[in-house]
Ligand SMILES: [Cu+2]
């Protein structure tokens with residue numbers, strides 16, 4: 001009786017495992033059926049963002065020294081109410097790590113700034129990220145190393161790093 005009980009429990013357990021793994025198996029099977037799903041490889045989500053901060057000049061004096069030139073930094077002197085602001089355009093995340101030989105797709109959404117003309121020299125053709133839109137950049141990094149992810153408009157701050165780890 002005891003052995004039978006165990007068998008029934010095992011069968012129930014097997015059924016449960018099969019039921020739970022079915023959606024996973026289905027997803028894998030569907031992904032294999034769709035060439036684009038394979039071609040995209042691992043999807044890495046990124047955003048073009050503008051970090052912003054500000055304060056009152058009475059609390060913190062406005063720093064008169066200019067920031068490095070380029071549209072990446074914006075510093076606004078105190079307004080009539082005494083508030084000043086500073087912002088920096090960046091990629092989020094700023095560092096992307098992939099394996100040598102791995103196919104990945106950067107899926108980039110534009111959040112701040114209207115357009116970001118961009119490039120990853122030596123890896124992909126130039127591309128543009130627009131606010132409210134998704135830009136997908138697919139590549140296979142065959143050579144290990146560090147590659148800059150550059151927005152040519154918001155220099156010098158909007159430069160990330162793509163790390164291709166050696167196999
Ligand atoms: Cu930009």
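The values are calculated or read from the model by the stated rules, or taken from the named source; none is laboratory data. All figures in this text were calculated on a predicted structure; none of them were measured in a lab. For neighbour counting, all protein chains shown are included, and Cβ atoms are generated from backbone atoms with ideal geometry for every residue, glycine included.
Test each condition in (1) away from the ligand (no atom under 16 Å from the Cβ); (2) over 11 Å from the mean Cα position of the chain (by Cα); (3) part of a strand (DSSP E or B) for residue 66 and report the one that comes out false.
The number of the failed condition is (3).
If residue 91 satisfies every condition in (1) assigned to a strand (DSSP E or B); (2) more than 26 Å from the chain's Cα centre (by Cα); (3) crowded, with 16+ Cβ neighbours inside 10 Å but one, which is the exception?
(2)
Can you tell me which condition residue 107 does not meet? The list is (1) within 11 Å of the ligand (Cβ to nearest atom); (2) in a strand (DSSP E or B), and all the others hold.
Just one mismatch for residue 107, condition (1).
Exactly one condition in (1) over 30 Å from residue 58 (Cα atoms); (2) away from the ligand (no atom under 14 Å from the Cβ) is not met by residue 79; state its number.
Condition not satisfied by residue 79: (1).
Which of the following residues is in a strand (DSSP E or B) and surrounded by 16 or more Cβ atoms within 10 Å (Cβ to Cβ): 124, 129?
Exactly one of 124, 129 is in a strand (DSSP E or B) and surrounded by 16 or more Cβ atoms within 10 Å (Cβ to Cβ), namely 129.
Kindly indicate whether residue 96 is in a strand (DSSP E or B), within 13 Å of the ligand (Cβ to nearest atom) and in contact with a strand residue (DSSP E or B) (Cβ under 6 Å, 6 or more places away or on another chain).
Against the criterion (in a strand (DSSP E or B), within 13 Å of the ligand (Cβ to nearest atom) and in contact with a strand residue (DSSP E or B) (Cβ under 6 Å, 6 or more places away or on another chain)), residue 96 does not qualify.
Please list, ordered by first then second residue, the pairs with beta carbon atoms under 6 Å, 6 or more apart or interchain, first in segment 117-133 and within 15 Å of residue 152 (Cβ to Cβ), second in a loop (DSSP other than H, G, I, E, B) and more than 11 Å from the ligand (Cβ to nearest atom).
Pairs that qualify, where the first residue is within 15 Å of residue 152 (Cβ to Cβ) and the partner is in a loop (DSSP other than H, G, I, E, B) and more than 11 Å from the ligand (Cβ to nearest atom), are 119/126.
Name the residue, out of 150, 134, 108, that is over 19 Å from residue 87 (Cα atoms) and surrounded by 16 or more Cβ atoms within 10 Å (Cβ to Cβ).
Details: 150 fails: over 19 Å from residue 87 (Cα atoms); 134 fails: surrounded by 16 or more Cβ atoms within 10 Å (Cβ to Cβ).
Within the list 150, 134, 108, the selection yields 108.
So that you can scan it fast, the table gives a plain yes or no per residue for (1) at pLDDT 95 or above; (2) part of a strand (DSSP E or B); (3) within 16 Å of residue 103 (Cα to Cα):
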residue: 113; (1), (2), (3): yes, no, no
residue: 116; (1), (2), (3): yes, yes, no
residue: 137; (1), (2), (3): yes, yes, yes
residue: 143; (1), (2), (3): yes, no, yes
residue: 149; (1), (2), (3): yes, yes, no
residue: 153; (1), (2), (3): yes, no, no
